[in-house]
Each structure stands twice: as C-alpha cells, then as structure tokens.
1. If you take the beta carbon distance between TYR256 and HIS130 as r and set R0 to 22 Å, what does 1/(1 + (r/R0)^6) give as a FRET efficiency, to the nearest 0.05?
2. How high is the relative contact order of the chain? Use alpha-carbon pairs under 8 Å, at least six apart in sequence, and give a whole percent.
3. Using the 10 angstrom Cβ neighbour count as an exposure proxy, how do LYS281, LYS158, LYS152 rank, fewest first?
4. Whole-Hz ³J(HN,Hα) for each residue in region 250-257, computed from phi via Karplus 6.51 cos²θ - 1.76 cosθ + 1.60 with θ = phi - 60°, x for glycine and proline: what do you get?
5. Determine ³J(HN,Hα), in whole Hz, for all residues of region 179-193 in sequence, where each value follows from phi through the Karplus function 6.51 cos²θ - 1.76 cosθ + 1.60 and θ = phi - 60°; x replaces Gly and Pro.
6. For the chain, what is the calculated [θ] at 222 nm in deg cm²/dmol (nearest 500), taking -39500 (n - 2.57) for each run of four or more DSSP H residues and dividing by its residue count?
7. For LEU429, which sequence-distant residues (separation of 5 or more, or a different chain) have an amide H within less than 5 Å of its own amide H, given hydrogens modelled in the peptide plane?
8. For a quick protection proxy, order the peptides 53-59, 87-93 by their average other-Cβ count within 10 Å, most packed first.
Amino acid sequence: MCPNYSKKVQQTPKYGKTTLDHVLKYTGVFGGVQGLNILMSIVRNKLASKLLGAAGIGLMGYYVSGADLASNCSNMGIPISSVQHLSELFETGDKARISRFILIVRTWCLWTALLAALLCGVGAAVYDWHFVLLVPMVMALAVMGGELSILKGMRHLKRLATISVIAAVATFALTIPFFWAFRLQGIILSIDCTAVAITVIHLCFTLPLYPWRVAPLSTQIFREGMPLLRVGIPYVLTGIAGAAMTFALQAFLKTYSSEATLGYYRVGYTVMVSYAGIVFKALEPDFFPRLSSVSHDVQRCNQTINQQVRALLLLMSPMLIALILLMPVILQVLYTSEFMPACDMTVCAVFYMFFRCLSVPIAYTALARGDSKTYMAMEMIYDVFSLSVIIGCYLQWQLIGIGIGLSLSGLFDLLLVGTCYARFYHFRLERTSLLLFIEQALLLSVAVAFCLLLPGAWKYALGGLLFLLSAWRSYSILSRESDFVQKLIKRFRP
C-alpha cells in the first residue's frame, strides 16, 4: 500500500517549548556561516566585476536564472515536500521508515535530474543554444536538492553549516580562475563546475549517515513516490512561475534597455536581497523543520511564527538602516564605481526586505502543512503582480523604479499572505510583534528619506542616530527576552 505523505504522521514530539534563545542560537550558528559566505561572495564579486564588467555580471545572472527555471520545472517539488515529511518521520524515530523514504527521495531526484537535462536541451533548441551547456548544473542541482532535504529533515544542522563553509570556499576557488582565463566565455563553465563540486560536497556528508541507495527501475518505488508528487507538483508550478518571473524581468531589461542596466539590477538585487538576506538564510534551516513538526497545532504554530517574526525584525531592522546609509561605500568597495547607478534603486528596495520579515515566516505555514495548492495560489498571484508592478515602475522611473516596484511587491505579498493565512490557518500576529513592526517601519522610513534627500554629512549624522536608536531597541528587547545575548557578551568579555 502506498503511503500518503501529504497526511500528518503520528508523532511524539522530542522537544519542548521552543524559546527565543533557541532561535537566536541557530541564528548565530548559521549567521556565522552565512557571514563567511557573504565575505567570500564579496571578494568573488569584486574580482568578477573587474574581470567581467557590468555586462558580464548581467549575463551570469541571466544564465543562472535560466538554469533555475529548468531546475524548478523539473524537480517536482520533492526538495520541499520531502523535508516536510522527513521532519514528521524524525519525530517518530522509526529508522526503517526513514531509510525507506530516503531511498524514495533519492530515486525520484535521479529521475528529475534526467528531466532537467532534457529541458535544457529543449531550451537550447528553441531559444538559446547556450542552455545545453547548463546540463551539468541542472542535474547537479537535482541531486543536491535531495541531499539537502535529507539533512534538513533529519535535523543535521551542524553538517549543513559545515557544508556551507566548504561550499563557499569551493565556489570562490572554482569561479575566479575561469573568469580570469576565459572572461565572458568562462561564465557557464564556472557555474557548471561549481554546482557539480557543491553536490559532491553534500554527498560526502550525507553518504556516511545514509549510504547511497536508489532503485530507478523499481515500479514499487515509483508508486510510493507518487504522493510526493501530488504534494510537490503545485510547488513545481510555483517555482516555475517564480523563476519565469525573474527570467522574464531580466530578459525585458536585456532586450528593452541594455546589458549594463541588467548588470546594475543584478548588483542592486544581490546587495539588498542576497546579502541582506543572510538573516533569513540563517534562520530557515532550523525554522522550517520546527514549524513542520507543530504545523497542525494552531497555538504552537502561531507561537513559532511569531518568535520567528520578532527575531527577524530585531536582527534585520538595524542592519537595513546601516545598509542603505552605507550603500555608496558598499557598491564602491564590493564592485566598482561603474555600478553606482544601482545605489538609489537599492535604497528604494529596502522595504521589500523589511516586509519579508513578516511575510516569509507566515508563508511557510502552507509549506509546513503540505498545503501546496494554497501556497501555489498565493505565490502565483504575487509573481504576476510583482512582474507587472516592477516593469510598470521601471517604465515610469527607470532604474530607481525597480526598487520602488520591489518594495510595492513586498507590501502586496505581506497583505496577501497575512489576510489569507489568517483565514485559512487561523494565524494571528501577536500585539508585541505588530508594535515592533510599526516602530521599526517608522525608523526605516525616515532613514530612507534621509538617504534620498539629504547631502552626505547630514545623511550620515542623522541616519546614524536612527541606526543607533534601532539597534538600541533591538538590543534592549533581546536582552530582556533572551539569555543568549548576555551569554554571548560574557564569552567575548576579557
């Protein structure tokens, strides 16, 4: 009889009430790892901008977006749906069922790797022949997705952190030599080699725990994995829509503007979303499995989400104010003066990241409950709105309009998921979380106005005061609600 992975597994929770200390602990672990990743990517992007220029940075983002589109079209949502079910199996401690499920996941990931390669071939035939060269990358991403889901679902968080460190070093070591030797012609070769190398690193850490077993010709494994697809295919459609939106926007900029404009957009997006998103990446490996294990308990689910919201607001708000104040310096240091046109765009996009402090934890509810159809509907509505508003704002205000469009799309996403998930899953934002959001939103709004309207000296003086106020509020709340900050101070105190 085929197991139904979309239904909740009966479980006996291994952990008690999750505290803010627990959230901050793993934020510290993965935040340090992400900090190293950011440092390595900063050096890599600095060298890449010197070797490739704005056009090369734009082309690199274009090819990566194409590969992501092929990956999202083929992965069947298995990396997400398998984490959700593995998290529930982990609570039961049933080793036989866990081992069997890992066999199913790996087998299906192998099949999706072949499908991804086929899609790249189709893309090369009908659109751009370069896509056939992305086959190694998309196949590696499919295998890597399965291994990553195993580590997340089985709570091997320290191994995940170690993998991230090694992967950051490997990415740097494998990209810059190709850029130096082949310039623009080395872009595809570098991203292929990097994807394959990182997949091998994942396997080195998962195979000692769960030896490689696949059954690609087994009809029984095929049948047992079908429930994963019923849960995961809506995620596939969601991923396709998101990747298509990203690719369509970049194709629009490349076609109707220039490769340099595409490069400015990529740099601004990288600094604001990828670098500032370090906190989101630090919290996600621990948050999603925890939320999955309590997703059917409304009270504990709300508590977990509100803890995540508060942690994100407290950590992100001072960081975002500092980021926009120092944006001209950051672009100059990380890239070159050629990319300064991206400065105002990035400042205007800051609210996109701020609104995500609320929308992202709330949106995980559907993922944790395996409600893929609701998740798909929310994400597709957002994608259509986001692409439309960003293009519309670009046509009206050029590059700065992209930043405005991103912030508007972030606000729309927050209102959409906040309203719908309150109705569907009885989510409630706690009063303390709402007040913290309003307070930090006001500080950030004034900081944005200073950055756009005031000359340098006044901007840094008054903006610096806003940063100190935001940081002080975050510190005082964290000190009151958590012992983690005090423990950290004692550790570094002489």
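A short reminder: the numbers here are calculations on the coordinates, not readings from a lab. Small disclaimer: the values here were computed from a predicted structure and weren't measured. Note that we place each Cβ from the backbone using ideal geometry, even for glycine, and neighbour counts take in every protein chain shown.
1. Numbers: r = 21 Å, r/R0 = 0.94.
Efficiency for this residue pair is about 0.60.
2. Details: 675 pairs, mean separation 104.7, N = 494.
Result for the chain is 21 percent.
3. Working: LYS281 16, LYS158 10, LYS152 24.
So the ranking, lowest neighbour count to highest, is LYS158, LYS281, LYS152.
4. Listing the rounded values in order: 5, 5, 4, 5, 5, 7, 9, 10 Hz.
5. Per-residue couplings from phi come out as 5, 5, 7, 10, 6, 4, 5, x, 5, 5, 4, 5, 6, 5, 4 Hz.
6. Numbers: 18 runs with 406 residues, N = 494.
The helix contribution divided over the chain gives -29000 deg cm²/dmol.
7. none
8. Numbers: 53-59: 21.3, 87-93: 18.9.
Output ranking for 53-59, 87-93: 53-59, 87-93.
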